[in-house]
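Rule-based calculations on the coordinates, nothing more; no lab input. All figures in this text were calculated on a predicted structure; none of them were measured in a lab. Virtual Cβ from ideal backbone geometry, glycine too; neighbours counted across all protein chains shown.
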Amino acid sequence: MKTIIKSTSIIALFAIIGISINACNNTNKDSDDPECKCTNECNCNCSSDCTGECPFCEATNNVCKTHTMKWIVTNTTTYPATSTEKCIICDTSSDSATRNTQIGDIGPAGGIIFYVKAEGFIVEGYESTFDNYTAHYLEAAPTRDFNARWSSATMVNKIENLSNNIGSGRKNTHILKNSLAYNNAARVCIDKNTNGFTDWFLPSINELKEMNKVKGVEGILKDGVCWSSSQHGLVTKMDSSTGHRPIYILYALCFDFSFGASRYAETTVFYRVHAIRAF
C-alpha cells in the first residue's frame, strides 16, 4: 500500500522542527538569517532602515534596489552641454539635479565623455562626406569592438594626409576606409551603429592619449593595446624573400593602456578597436 502524505502535513511537520519553506530571496529586511536579510543589493520593500534607496523615487514608494546614480548628458543644443543626475536602475531623475557636462558623464550615445575643451576644437572634414565643424566633447563608445588589423595586408607606402592631432581622427578614419581593404579597424568604426549614432571613428593617437588620462573611469579601457588612425611611417625590415635586402614596411601608431604609452606596430597585427565620436 502506498503512503500518501498531504502537503498540509508536510507544512505542519516543517513548522514543528523549525524549517521554513519560504524561499530565501533576500526580501525580508527583518530576518536574522544573514542569507535572507535585505541589504542595499537586494529588492525589498523600502523602509527607513533599508539602505540603498534612490533619493528620487523613494517618495513614490518604488521598491528598494541597488540604485546607481549617473550623470547623463541631456542637452547638447548649446555649449556647454548639460547633464542630469539619474538613477539608471529605476529610470528616475530630478529636474533640479543638473550641471554642465563633465568628463566621466554618460554621453548622448551611451558612452563615456573623456575629453572636454571649453573653447572647442575643429573636427576636420573629409571631401564631400562631411565638412569641418567645431566640437567640445569626445565620447568613447559604450562597448569595445572586436580586435582588428589596421590593414589586411602589409603596406610599403605611407598614406597621405593622416594626422596625430585631436580632431583629426574622423578624417583619418575615412581616408583609411578608402585607402585600405575592407576588413580593417577604420571600417569597423565607420560601420558601427550604437543607440542610433553612426558618426563613430577610429581615434587619432592624441585622442587616445586623452582617453588614457581617464582610464580609471568605468567604460574606458584599462589595459591592452588599441589601434589609432595615425601612422608612424616606414620602417626598414630585412626580408629573406628579397635575399635579405632591406624593405620598407608601413607601421601604424597604437596606444598601450597597460603602460600608458604610445608605440607603433606593423599594420597587419590584431589589436583592440575602441571607436569614439565628437560633438
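When ranked by the protection proxy of mean other Cβ atoms within 10 Å per residue, highest first, what sequence do the peptides 221-229, 71-79 form?
221-229, 71-79
Quickly work out the Tyr133-to-Ser152 label distance, labels modelled 7 Å from Cα along the C-beta direction, and quote it in nm with one decimal.
The answer from the label model is 3.0 nm.
Could you give me the percent of Cα pairs per 10 Å distance bin for the stretch 87-202, shortest bin first, beginning at zero and ending with the bin that holds the maximum distance?
In order of increasing distance, the bins hold 12, 37, 33, 14, 5, 1 percent.
With r defined as the distance between the Cβ atoms of Ile249 and Lys222 and R0 fixed at 35 Å, what FRET efficiency is calculated, to the nearest 0.05?
It comes out at approximately 0.70.
Take Thr82 and Phe259, extend 7 Å from each Cα along the Cα→Cβ direction, and tell me the distance between the two endpoints in nm.
So the two model labels end up 4.6 nm from each other.
When ranked by the protection proxy of mean other Cβ atoms within 10 Å per residue, highest first, what sequence do the peptides 249-260, 118-129, 199-210, 167-178 form?
199-210, 167-178, 249-260, 118-129
Return an integer: the convex hull volume of the alpha-carbon atoms of the stretch 110-278, in Å³ per residue.
Convex hull volume per residue, Cα atoms: 111 Å³.
Give me Phe130, Phe146 sorted ascending by neighbouring Cβ count inside 10 Å, so fewest comes first.
Phe146, Phe130
Using R₀ = 25 Å, calculate the FRET efficiency as 1/(1 + (r/R₀)^6) where r is the Cβ-Cβ separation of Arg144 and Lys213; round to 0.05.
It comes to 0.90.
So which of Lys70/Lys215; Lys158/Lys213; Lys70/Lys222; Lys171/Lys222; Lys117/Lys215 end up more than 22 Å apart by C-alpha?
Lys158/Lys213; Lys171/Lys222, as the Cα separations exceed 22 Å there.
On each of the three principal axes of the Cα atoms of the stretch 148-207, give max minus min coordinate, whole Å, ordered largest first.
Sorted from largest, the Cα extents of the stretch 148-207 read 38, 25, 16 Å.
Asn75's amide H: which non-local residues (gap 5+, or another chain) put their own amide H closer than 5 Å, with H modeled 1.01 Å from N in plane and none for Pro or chain starts?
For Asn75, whose amide H was placed from the backbone, the distant partners under 5 Å are Thr82.
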